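This report refers to the structure that appears directly beneath it.
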Amino acid sequence: SQAAIAERARKNRPVSPHLGIYKPQMSWVLSGLHRNTGVLVGGAAYLYTAAFGLAPIFGLDLGSVTAAATVASIPLPLLLATKALIASSLSFHCFSGIRHLWWDSGRSVTNQGVFKSGYAVLTATALATGYLTFF
């Protein structure tokens with residue numbers, strides 16, 4: 001039947017190429033990273049807020065004294081890695097957001113401007129991450 005032929009034809013079609021066929025470019029890599037860090041930072045904030053609000057119902061203490069004691073008990077390498085992850089995500093998302101607002105004002109929307117602002121975001125992120133991780 002025609003329906004069976006059409007079904008076989010659909011099954012034999014090659015899968016459409018995805019991101020793997022494209023050469024990574026700063027503009028779309030940083031754009032994707034901005035979205036992912038937004039989900040990470042926003043999701044973590046929502047989860048902690050929900051946990052903090054629900055903690056008393058379940059008899060948990062998420063107050064500042066408990067949080068400080070928990071952080072103090074984390075081994076230094078793990079603590080630094082965690083701080084670096086949080087600092088880099090938050091810093092990158094903030095600086096990249098400023099970059100997008102800069103673009104919204106009509107500035108630096110040329111190819112040269114995109115690259116310069118991209119490198120500025122990466123530099124500011126590296127400096128802020130280092131500072132927030134170690135100080």
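Looking across the range 40-76, the residues that are open to solvent by 70 Å² or more (accessible area, probe 1.4 Å), part of a helix (DSSP H, G or I) and of a type in the set (Gly, Ala, Ser) come down to SER64, ALA72. Just wondering, is there one or more residues in the range 120-134 that are modelled with pLDDT of 95 or more, farther than 18 Å from LEU30 by Cβ and open to solvent by 100 Å² or more (accessible area, probe 1.4 Å)? Within the range 120-134, one or more residues are modelled with pLDDT of 95 or more, farther than 18 Å from LEU30 by Cβ and open to solvent by 100 Å² or more (accessible area, probe 1.4 Å). Taking residues in the range 49-78 that are within 26 Å of PHE134 (Cα to Cα), and partners anywhere that are open to solvent by 100 Å² or more (accessible area, probe 1.4 Å), the pairs with Cβ atoms closer than 6 Å and at least 6 places apart or on different chains are LEU62/PHE52. Restricting to the range 99-118, and then to whatever is open to solvent by 30 Å² or more (accessible area, probe 1.4 Å) and in contact (Cβ under 8 Å) with a residue 60 or more places away in the chain, can you tell me which residue is farthest from THR82 (Cα to Cα)? Only one residue tops the list, namely PHE115. Close contacts from the range 23-47, counting a first residue that is farther than 29 Å from GLN112 by Cα and a second that is open to solvent by less than 90 Å² (accessible area, probe 1.4 Å), with Cβ to Cβ under 6 Å and a gap of 6+ residues or different chains, come to LEU40/SER89; VAL41/SER89; VAL41/LEU90; VAL41/HIS93.
Of all residues in the range 6-31, those satisfying the criterion of being outside any loop (DSSP other than H, G, I, E, B), open to solvent by less than 100 Å² (accessible area, probe 1.4 Å) and not hydroxyl-bearing (Ser, Thr, Tyr) are ALA6, GLU7, ALA9, LEU19, GLY20, MET26, TRP28, VAL29, LEU30.
The values are calculated or read from the model by the stated rules, or taken from the named source; none is laboratory data. Keep in mind it's a predicted model, so treat the numbers as computed, not measured. Using ideal geometry, Cβ is built from the backbone for each residue, glycine included, and neighbour counts are taken over all protein chains shown. The protein model used for the area step is the full one, side chains on, heavy atoms only, and it has no ligands, DNA or RNA in it. Shrake-Rupley method; radii C 1.70, N 1.55, O 1.52, S 1.80 Å.
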